[in-house]
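These notes concern the structure reproduced below.
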Amino acid sequence: MDHVSTPITPDTARHVLWTFGRDGGFRPGSFTQKLIELIAMADQANTVRLGASFPEVTKAVALAKYSEDGIDQLQQIAVGEVAA
């Protein structure tokens, strides 16, 4: 699946928001929590590898980490206002 065109679901948005300590999130299960933490700390090569298996989560983490309005976008996705 193409990482760029992979939509982010409200659940994934809420999980990433929780992991980053932002409003609108809720705690994921332990596997998903560790996966988000792993993607957030991975170097570029390993992020690409993880993205091949978990494109949606990788895209959401990238929004949170690198996009100026990424947290706002995730908060909107979390409440169903926009689709990414």
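So how many residues does segment 2-50 have that are loosely packed, with under 14 Cβ neighbours inside 10 Å, β-branched (Val, Ile, Thr) and in contact (Cβ under 8 Å) with a residue 60 or more places away in the chain?
Result for segment 2-50: 0.
For residue 66, only one of the following conditions fails: (1) touching a residue at least 12 places away in the same chain (Cβ under 8 Å); (2) of a type outside the set (A, V, I, L, M, F, W, C); (3) open to solvent by 40 Å² or more (accessible area, probe 1.4 Å). What is its number?
Condition not satisfied by residue 66: (1).
Quick one: which of 57, 79 is surrounded by fewer than 19 Cβ atoms within 10 Å (Cβ to Cβ), among the β-branched types (Val, Ile, Thr) and touching a residue at least 12 places away in the same chain (Cβ under 8 Å)?
Every option except 79 fails the conditions.
The values are calculated or read from the model by the stated rules, or taken from the named source; none is laboratory data. Keep in mind that what you see is a predicted model, and the values were worked out from it rather than measured. Every residue, glycine among them, receives a Cβ derived from its backbone with ideal geometry; neighbour counts consider all protein chains shown. When the accessible area is computed, the model is the full protein with side chains, heavy atoms only, and any ligands, DNA or RNA have been set aside. Shrake-Rupley method; radii C 1.70, N 1.55, O 1.52, S 1.80 Å.
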